[in-house]
Amino acid sequence: MLDVNSSNGFFKIRPAARIINTIGSDLIGDTYAALVELVKNSYDADASFVSIVFDYKTLGNEKALCINISDDGHGMSFDTVINKWLVPATNDKLTRKLSPTKNRLFQGRKGIGRFAASILGQEMTMTSIDETGEKSTTVIDWRVFEEDGYLENVELLVEKTKTNNPCGTTIEIVAKDEEDSFKISVWDKNSIDNLINELRKLISPFKDFEDDKFSINLSFTNCPIETYNNTNFNIETYPIVELYDYRIYGVIDKTGNFKLTYENNITDVVQIENLNGHYKLEGGGKYCGNLIIDFRVFDREPEAIENLINKGLIDPVSKKFAGKNEARKMLNEVYGVNIYKNLFRIRPYGNGGIDWLDLDKDRIQNFTLKISNNQVVGFITIEPEEFSNLEEKSARDGLKENEYYIGLKELAKKSLKELELRRLIFRERSLKSRKARTTINDSIQNLFSFSDLSKNIELRLEQFNVDKEKISQISKILKNEEESKTELLEDIQKTIAIYQGQATLGKIVSFILHEGRKPIQFFNTEANVIERYLKHFRASKDIELLDYLDESAKGIRRNSKLISDLFKRINPLATQKRGNKTDFQILEVIENSRKIFESTMKDYGININVDCDKSAKIYGWEEDLFTCITNLLENSIYWLNLTNVKDKSISISVYENLDIITIDFTDNGPGLTKLEIESEIIFEPGYSKKNNGTGLGLAIAGEAVERLNGKLTARQVDKGVYFQIEINKK
């Protein structure tokens, strides 16, 4: 506080003593995070181990918990303690970046993490021995910082001596349960379980520490919780992470180029596929440096859990083979997608309830394809913020959600999708996800077909010696009933077609807006121009101004026609009622679909070539061919825009013979894999390689062609996609 009688002049900011608690326990606010900060400090000190001991004892007739954190690092000199360790927000580590002996990238850079120790206990004694044998002892009672007063007035005891003991640092924190601060009872069985879980996830599982030699040991002495009394844990990663069903891992570089490996670990021989390519960001994010990714996915059906146990899953506590309940419990402890920086986890990513990739939300939208958050154990390693631009929050509660964080999420989900796509294909082919696939049209036809029922009844009646005439009469009744349902069958097909058309309309809304934007912009601009001309005309009666108004009228008519034509073209998708089947021209349908995307293709540099005789016709609902072609075009435009292919092109060719009309649809985009084509998984609703795709486009296209008495097939080509539509004339 300033003296009101003092003269004007220059004054210094004088922080209150309680600022230490503000940047320490108040900012971190988490006992786990506080211990993690101290472990990271040991790592930064080039230690080969850090030991954490919970020692329950009695001090002065009071119950106390002494938490001892010790390491064999290089320690600190008296000067370092005074001028760096006791200086809040020092930039020492930020400036140096690397540890002096092992050249480790520093974990702590903000210079405040150590003050979080105040959340663990009321008193702290730090003893540090440097490499010259200088021993510095610092005693802190954190309660003094809660009192009113200025930080500059708080005095701490720091002593130095000489010793022959090896270098290293030991921090002893004394915790007591006081009236307004319960430091002991906070550590119940659940919180200790969580601490062990936090420490097991803390270190990267990529075997990085095998050469670096950094280990964590946790032990309990005289612990009132029987499970942990006089126990010792050498913290290791969960063994279950090695028993995954599916895995994708590798590197995505700072420009989006990726080299990944996919593994299927369910089969007797592990199936491996190497993937190379480039990810183009579509969601407004930016590339965030080089990434190392490793996603391990577990199926959760009873059969999969049994298979997990059969792989040799050992309970880490009992050291016995795990049962089904133990296996599920271990999965529940470890699932989540973790983020690591400089070999250590960034909290809270990887905690079970933190679904930062929105996997569960995506699964609701596409249950067939997507995996849930509790199925994946993921590890993503990012670079320091000077390379990644991914900044950690001061409160140690995650990364700042800037555009680089958005890019990180998109790249992570794109790489995970590589696994999801291949997993779905495998499950479909092995019938793990459901029974063999049939189309909607097949299912409806079977529903209204009585032929199998009629044959079974005839066989059974013959077994009962019913005479043939009566059997014939019964068969005729069934046949008449089947024929009477034909009209209902067609009504259902029409209704499904309407819904599929509207779904297609929803997919191409962005293209419709793009096509209609220019005419609407013209109307907005020209309205102001007309008002200005009319104002001048009223004032001057200048006849020449009418010529300008006439030009404006022509422009309005021209742009109105563009909007009108656009609405006419999309009308087949928006219709609420279907008429009867007719003969319609194929070329007219293709052109109407092409014109929806005309402006977009021009902007993207995509050329389209259509080769179709005007006389070529199909009998059926023209909306079905329009729906199919529109979905194929939308897909091609999407993928061509994401590629760096020169001379991007789409080609549609139509030819016919006496019985069949064939439409070949090709492009020179990224194409399809042999497995996708052979398994026909691309026509499965829900299968989509697009970012946030629904997986409905090709399924709808295939169903539409079936209503035309045809079939949509994907063919194998060296480059791009090749879809072939074959429609029977009879």
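The values are calculated or read from the model by the stated rules, or taken from the named source; none is laboratory data. Since the structure is predicted, the reported quantities are computational estimates derived from the model, not experimental observations. Here the Cβ positions follow ideal geometry from the backbone for every residue, glycine too, while neighbour counts run over all protein chains shown. With ligands, DNA and RNA removed, areas are computed over all heavy atoms of the protein, side chains included. Shrake-Rupley method; radii C 1.70, N 1.55, O 1.52, S 1.80 Å.
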Out of Phe295, Phe233, Phe258, sole residue that is open to solvent by 50 Å² or more (accessible area, probe 1.4 Å) and either in a loop (DSSP other than H, G, I, E, B) or touching a strand residue (DSSP E or B) at 6+ places or on another chain (Cβ under 6 Å) (or both): Phe233
Enumeration of residues in region 578-593 that are open to solvent by 40 Å² or more (accessible area, probe 1.4 Å) and part of a helix (DSSP H, G or I): Glu588, Glu591, Asn592
Residue, modelled with the highest pLDDT, within region 165-176, restricted to residues that are buried (at least 16 other Cβ atoms within 10 Å of the Cβ) and outside any strand (DSSP E or B): Cys167
Residue in region 703-713 that is in contact with an Asp or Glu (Cβ under 9 Å, 6 or more places away or on another chain) and either farther than 30 Å from Asp583 by Cα or part of a loop (DSSP other than H, G, I, E, B) (or both) present: yes
Flag for Glu676 being over 19 Å from Asp611 (Cα atoms) and touching a strand residue (DSSP E or B) at 6+ places or on another chain (Cβ under 8 Å): yes
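Per-residue answers, yes or no, for (1) in a helix (DSSP H, G or I); (2) open to solvent by 20 Å² or more (accessible area, probe 1.4 Å); (3) of a type in the set (A, V, I, L, M, F, W, C):
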position	(1), (2), (3)
Lys602	yes, yes, no
Ser615	no, yes, no
Leu625	yes, no, yes
Ile652	no, no, yes
Gly671	no, no, no
Asn692	no, yes, no
Residue list for region 60-72, filter: at pLDDT 90 or above and more than 29 Å from Leu343 (Cα to Cα): Lys63, Ala64, Leu65
When residues of region 463-482 are limited to those that are in a loop (DSSP other than H, G, I, E, B) and open to solvent by 80 Å² or more (accessible area, probe 1.4 Å), the one modelled with the lowest pLDDT: Phe464
Residues of region 60-78 satisfying the condition of being surrounded by 13 or more Cβ atoms within 10 Å (Cβ to Cβ) and of a type in the set (D, E, K, R): Lys63, Asp71, Asp72
Verdict on Lys57 being modelled with pLDDT of 85 or more, on the phi < 0 side of the Ramachandran plot and either part of a loop (DSSP other than H, G, I, E, B) or surrounded by fewer than 18 Cβ atoms within 10 Å (Cβ to Cβ) (or both): yes
Qualifying residues in region 711-730 (those that are in contact with a strand residue (DSSP E or B) (Cβ under 8 Å, 6 or more places away or on another chain) and free of Cβ contacts under 8 Å to residues at least 24 places away in the same chain) - the one most open to solvent (accessible area, probe 1.4 Å): Lys711
Leu27 being assigned to a helix (DSSP H, G or I), crowded, with 20+ Cβ neighbours inside 10 Å and modelled with pLDDT under 85: yes
Some residue of region 401-409 being over 25 Å from Lys259 (Cα atoms) and either open to solvent by 50 Å² or more (accessible area, probe 1.4 Å) or at pLDDT 70 or above (or both): yes
Residue that is nearest to Arg715 (Cα to Cα), among those in region 673-689 that are open to solvent by less than 50 Å² (accessible area, probe 1.4 Å) and not hydroxyl-bearing (Ser, Thr, Tyr): Ile677
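Residues checked against (1) hydrophobic (A, V, I, L, M, F, W, C); (2) within 30 Å of Pro224 (Cα to Cα); (3) surrounded by fewer than 19 Cβ atoms within 10 Å (Cβ to Cβ):
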residue: Val87; (1), (2), (3): yes, no, yes
residue: Ser99; (1), (2), (3): no, no, no
residue: Ile140; (1), (2), (3): yes, yes, no
residue: Arg143; (1), (2), (3): no, yes, yes
residue: Glu178; (1), (2), (3): no, yes, yes
Any hit, region 133-140, residues being assigned to a strand (DSSP E or B), among the small types (Gly, Ala, Ser) and over 44 Å from the mean Cα position of the chain (by Cα): yes
Which listed residue is surrounded by 13 or more Cβ atoms within 10 Å (Cβ to Cβ), among the aromatic types (Phe, Trp, Tyr), more than 30 Å from Ala64 (Cα to Cα) and modelled with pLDDT of 95 or more, from Tyr287, Tyr279: Tyr287
Qualifying residue in region 363-379 (condition: closer than 24 Å to Lys286 by Cβ, in contact with a Leu (Cβ under 9 Å, 6 or more places away or on another chain) and among the charged types (D, E, K, R)): no
